Every structure is written in structure tokens, then in C-alpha cells.
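Q: I am attaching a structure below and will ask some questions about it afterwards.
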Amino acid sequence: MKQFVPVMKRELLGYFRSPVAYVFIVIFLAALAGCTFFLGNFFRSNEASLEVFFAFHPWLFLFLIPAIGMRLWAEERRSGTIELLFTLPITMEEAVLGKFAAAWIFIGISLALTFPMIITAFYLGEPDGFQIFIGYLGSFLMAGAYLAVTSWTSSLTKNQVVSFILSVVICLLSLFLGWGVFAELMNHILPGWLTDLIATFSFTTHFQAMQRGLLDSRDVVFFASVIILMLLLNMITLESKKSQ
């Protein structure tokens, strides 16, 4: 894994050399603030908690993270630089993990820039600091799962728009599997045990607990498993394209 760090650095610096990164950060922060204060009625809740703030993360990530990750491999394939990349002394694992880590760190930086929300919560009252920490951890892990899905779909096509749409559809389906309204609908069709089993594969199910400050190893393992599985599929897909 000697080339992992150089690849990660190159990709991460590439984000900040492009105005797209700054546009993403501004849109992300503005959208989160707008949803929290206006749609979530943060000040009217009379509660010094960021639970409302975290509630909007799955839905904003649904569009913003595929917009960031869709270029990871689709752009390489479209421009033809992927062939050049494979001729360098770098392994498939180093390339995939390096690109993914850079994008995930960039998203983590964007999340860190929401620190004024923490300051606001502590200014208004005495929130549970551990609950806030777990909420951010859950958000970061969920963002990684979204990004891993997008990294895989990006390797499937040369078209970034196609990658974006595929990512949104896959992630939206995972959100709906654990969404209350969808779960109730499924209960009318399927046995309760099967509905509960399906819900365990939902981003929503595992994030909601962390959103409330509950740290369960099963939630961490779920997101880690999704990331690992998607990155393995990413590598397999690129290997198949490489041999063509």
C-alpha cells in the first residue's frame, strides 16, 4: 500500500483546486442550515439538541454525495486516463482506496464546517455532547456508505450523469427500506418478521439510532460492511474493464 497516501493526497488536493468543491461546501452548508432552521423549526423546538439537524442528513446526502462521487471513475474512463493509471506502479487496491479516502475526507471536512450548529446548541442550553458526537459519527459513516455506492456506479459507466442516477436510485431504495411509511406498507403485504429483516438493510434504520446518540456496534458494522462490499465490487468492475 505504498502508493495509497500519494493517490489520496493527489485526489484530495484536486478537489480544492476546483471551484466545484467550494460550490459543494456552500450548497451543503446552506441546505443543512435551511432545512434545520426553517423546515425543522430548530428554535421552536425549545430543545438544545441536534437531532433535528441530523434528521436531514440522509436526504441531503442522497443528492450531494453522488454529485461528488460520480466523477471518481467515470471521468477517468471518459478521458482515457484510466489506461494510463493502470500502467503506473500502483495496485488496484491502492487506486480505489486512495480515491475513496480522498473523497470521504473531503466530505468529512464539509461536515466539520457545520460546527456553528454545535456552538448554537451549547449557547441555547446544555445538550448531550456524547449524543452529538455519535450523531456526527453516524453521519460520517453513512456518508461513506453513500460514497462507496457512488464509487462503484462510477466504475460501471463513462457517463457521470448515469452514475449519479444509479447512485441516487440505490441509496433511495436503501432509505425507503427502513422508512416508517414504507415499512407500514410492507407490513400489509409481507409477514412482520420479513419486513423487519428487510429493514435491517436500510441506511435509515441504522442511522436513526446513532442520530439519537445510541452507539450500537451493529450499526457501525453495517455501514462498514456496505463500504467494504461496494469497494470490492468497485475493484472487481475495474478489473473486468481492465481486461477488456
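The values are calculated or read from the model by the stated rules, or taken from the named source; none is laboratory data. This structure is a prediction, so every number in the text was calculated from the model and none was measured. We place every Cβ from the backbone using ideal geometry, glycine too, and count neighbours over all the protein chains shown.
Q: Just need a number here: residues in the range 120-175 that are assigned to a helix (DSSP H, G or I) and among the charged types (D, E, K, R).
A: Here is the first cut: in the range 120-175, the residues assigned to a helix (DSSP H, G or I) are 120-124, 129-156, 160-175.
Subset that is among the charged types (D, E, K, R): none.
So the count comes out to 0.
Q: For residue 136, which of the numbered conditions (1) surrounded by fewer than 24 Cβ atoms within 10 Å (Cβ to Cβ); (2) over 14 Å from the mean Cα position of the chain (by Cα); (3) at pLDDT 90 or above; (4) within 20 Å of residue 100 (Cβ to Cβ) fails to hold?
A: It fails just one condition, (2).
Q: Okay, moving on. Criterion first (modelled with pLDDT under 90, more than 19 Å from residue 204 (Cα to Cα) and in contact with a Leu (Cβ under 7 Å, 6 or more places away or on another chain)) does residue 102 satisfy it? Spell out the reasoning first.
A: Values: modelled with pLDDT under 90: no; more than 19 Å from residue 204 (Cα to Cα): yes; in contact with a Leu (Cβ under 7 Å, 6 or more places away or on another chain): yes.
No, not satisfied.
Q: What's the total number of residues in the range 11-29 that are charged (D, E, K, R) and in contact (Cβ under 8 Å) with a residue 24 or more places away in the chain?
A: Just the residues of the range 11-29 that are charged (D, E, K, R), to begin with: 11, 17.
Add one more test, that the residue is in contact (Cβ under 8 Å) with a residue 24 or more places away in the chain, and what stays is 11.
Residues in the range 11-29 being charged (D, E, K, R) and in contact (Cβ under 8 Å) with a residue 24 or more places away in the chain: 1 in total.
Q: Could you tell me which numbered condition residue 1 fails, if it satisfies all but one of (1) part of a helix (DSSP H, G or I); (2) modelled with pLDDT under 85?
A: (1)
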